[in-house]
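Quick notes on the structure that follows.
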Amino acid sequence: MKYIDSIKELLFLYFVVLIISSLAYSGFEGKDFFESFWWACITAMTVGYGDMYPVTLGGKIIALLLIHISVLLILPLLIGNVCSRCVKNQNEFTHEEQEELKTLLRAVAEKEKLI
């Protein structure tokens with residue numbers, strides 16, 4: 001299984017979750033798609049203005065799933081991905097340096113055998 005590891009893939013996944021949540025909310029709550037998309041965006045970000053909220057059982061289940069998926073899965077992956085791009089190990093060896101070290105270690109090992 002390929003992991004979702006690029007910012008584009010994570011944003012695409014987030015957008016798909018918003019669209020699916022909007023469609024489900026629209027169906028359960030009888031709202032038009034754009035109002036439902038507004039609700040999904042606000043709910044996913046846990047802002048919750050209170051201007052719209054689910055009243056049906058299906059709408060409440062969609063809200064619970066959306067909140068948990070966005071807060072516990074998508075947003076941490078996105079934030080972690082962005083942060084990992086900001087951190088660079090300054091002591092990391094390049095491939096060439098690693099190959100040179102291997103060669104030197106082999107030479108030392110050969111000399112040890114001769115002694």
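Nothing in this text is a laboratory measurement; each read-out follows from the coordinates by a stated rule. Note that the coordinates shown come from a computational prediction; the quantities given were computed from them, not determined experimentally. Neighbour counts are summed over all protein chains in view; Cβ atoms, including those assigned to glycine, are modelled from backbone coordinates with ideal geometry.
Summary table below
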item: Nearest 10 degrees, 0 to 90: helix 33-44 Cα axis against the chain principal axis; result: 50
item: Computed magnitude of the charge dipole of the chain (debye, nearest 20; Cβ of K, R +1, Cβ of D, E -1); result: 200
item: Gained length - TYR3 relative to ALA109, 0.36 nm times residue gap less alpha-carbon distance; result: 34.2 nm
item: Selected from GLY50, GLY58, GLY27 as most flexible by GNM, with the chain as the system and alpha-carbon contacts under 10 Å; result: GLY50
item: For segment 45-55, Karplus couplings with θ = phi - 60° (6.51, -1.76, 1.60), whole Hz, Gly/Pro x; result: 8, 6, 6, x, 4, x, 6, 9, 7, x, 10
item: Residue-by-residue Karplus 3J(HN,Hα) for segment 8-23, coefficients 6.51, -1.76, 1.60, Hz, glycine and proline x; result: 4, 5, 5, 5, 5, 4, 4, 5, 4, 4, 4, 5, 4, 5, 5, 5
item: Positive-end residue of THR56, CYS41, VAL17, charge dipole of the chain with Cβ unit charges; result: THR56
item: Cα gyration tensor, segment 23-98 - rounded (a/c under 1.5), prolate or oblate; result: prolate
item: FRET E, pair THR46, ASN89, Förster distance 41 Å, beta-carbon r, rounded to 0.05; result: 0.75
